[in-house]
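To start, the structure itself, in structure tokens.
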Amino acid sequence: MDLNDPGKYLEQDALERVFSGFGREDITEARKLVKAFFGSPLFRQLQRAKQVRREVDFVLNLRRGLVHGKLDVLFEDEEGEWHILDYKTALGDELSARKSGYDLQIAVYALAAHKILGVPLRSGILYYLKNNKEVVTDFPSGGQAPEHFEKIEKQICALQEKILNFSNEMSAKT
């Protein structure tokens, strides 16, 4: 998406190309969501950003296995601070982010940016398109960052171990 000329993405033919395979009602809904996002403070922040990287693939090699993912957006704001942005096409808030595990998803993305890219992250942002709600997770900087990301890695490894144990239990039953 061209951040300098977002209006062209609201034209019907552009929307139909991007959302091909969706019905007319879905395209109309998508137009509303995209238009609302273009009017948001977060979009203006993206327009002023020094760097914007989209759809950044990563693979983390952790103790209990690989974690694959894709950052929707990684950007450096005009003050030089880095942020992860993940779009959600649902209604949401802080409580729903915790219930759905999206807060853990942002933590995984932050760990990947920290370990693989060496990017000092300021925050992770979940942006709920249906209600234009930002849920921001701040990350520590400086000397506190390694300890913080080590805790995230331990949390992910514990979850991987639970999944592995469950899988082993299920295999033993069959």
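The values are calculated or read from the model by the stated rules, or taken from the named source; none is laboratory data. These numbers come from a predicted model, not from an experiment. Every residue, glycine among them, receives a Cβ derived from its backbone with ideal geometry; neighbour counts consider all protein chains shown. All accessible areas refer to the heavy atoms of the entire protein, side chains included, with ligands and DNA or RNA removed. Shrake-Rupley method; radii C 1.70, N 1.55, O 1.52, S 1.80 Å.
Along the stretch 113-118 the Karplus relation, 6.51 cos²θ - 1.76 cosθ + 1.60 evaluated at θ = phi - 60°, assigns HN-Hα couplings of 4, 5, 6, 8, 8, x Hz to successive residues, with x for each Gly and Pro.
Helical runs assigned H by DSSP (4 residues or longer) give the chain a calculated mean residue ellipticity at 222 nm of -14000 deg cm²/dmol, each run adding -39500 (n - 2.57) before division by the residue total.
Comparing ARG48, ARG63, ARG122 in a Gaussian network model of the chain (Cα springs below 10 Å), the most mobile by mean-square fluctuation is ARG63.
Taken over the alpha carbons of the chain as equal point scatterers, the Debye sum produces base-10 log I(q)/I(0) values at 0.08, 0.14, 0.15, 0.19 Å⁻¹ of -0.31, -0.85, -0.94, -1.28. Oblate is the label for the stretch 27-66. Its Cα gyration tensor axes, ordered a ≥ b ≥ c, give a/c of at least 1.5 and b/c at or above a/b.
If you plug the beta carbon distance of TYR87 and ARG63 into 1/(1 + (r/R0)^6) with R0 = 41 Å, you get a FRET efficiency near 0.85. Percent of C-alpha pairs per 5 Å bin in the stretch 1-99, short distances first: 2, 10, 16, 18, 20, 17, 10, 5, 2, 0. Among ASP77, ASP93, ASP138, the largest mean-square fluctuation in a Gaussian network model of the chain, built with springs joining Cα atoms closer than 10 Å, belongs to ASP138.
In summary, the lysines within cross-link reach of LYS133, defined as a Cα separation below 28 angstrom excluding same-chain residues under 8 places away, comprise LYS8, LYS32, LYS35, LYS50, LYS70, LYS88, LYS99, LYS151. Close amide H partners of LYS88, meaning residues 5 or more places away or on another chain with modelled amide H under 5 Å apart, are TYR127, TYR128, LEU129. Taking the chain as a Gaussian network, Cα atoms linked when under 10 Å apart, which of ILE163, ILE152, ILE27 shows the biggest mean-square fluctuation? Maximum among the listed residues: ILE163.
In order along the stretch 72-85, the Karplus-derived 3J(HN,Hα) couplings, from 6.51 cos²θ - 1.76 cosθ + 1.60 at θ = phi - 60°, round to 4, 9, 10, 9, 9, 6, 5, 8, x, 9, 9, 9, 9, 10 Hz, and Gly and Pro are given as x. Heavy-atom surface analysis with a 1.4 Å probe gives the chain a carbon and sulfur content of 49 percent of its accessible area. Grouping the Cα pair distances of the stretch 84-174 into 5 Å bins from zero gives a pair-distance distribution of 3, 13, 20, 18, 15, 13, 9, 5, 3, 0 percent in increasing distance order. I'd like the Karplus ³J(HN,Hα) series for the stretch 147-154: coefficients 6.51, -1.76, 1.60, θ = phi - 60°, whole numbers in Hz, and an x wherever there's a Gly or Pro. Rounded to whole hertz, the list is 5, 4, 6, 5, 5, 5, 4, 5. For PHE22 and ALA145, FRET efficiency with R0 = 45 Å and r from the beta-carbon atoms, rounded to 0.05? Efficiency computed from Cβ-Cβ geometry: 0.65. The fraction of all Cα pairs in the stretch 82-133 landing in successive 5 Å bins from 0 to the largest distance is 5, 21, 30, 21, 13, 8, 1, given as whole percents.
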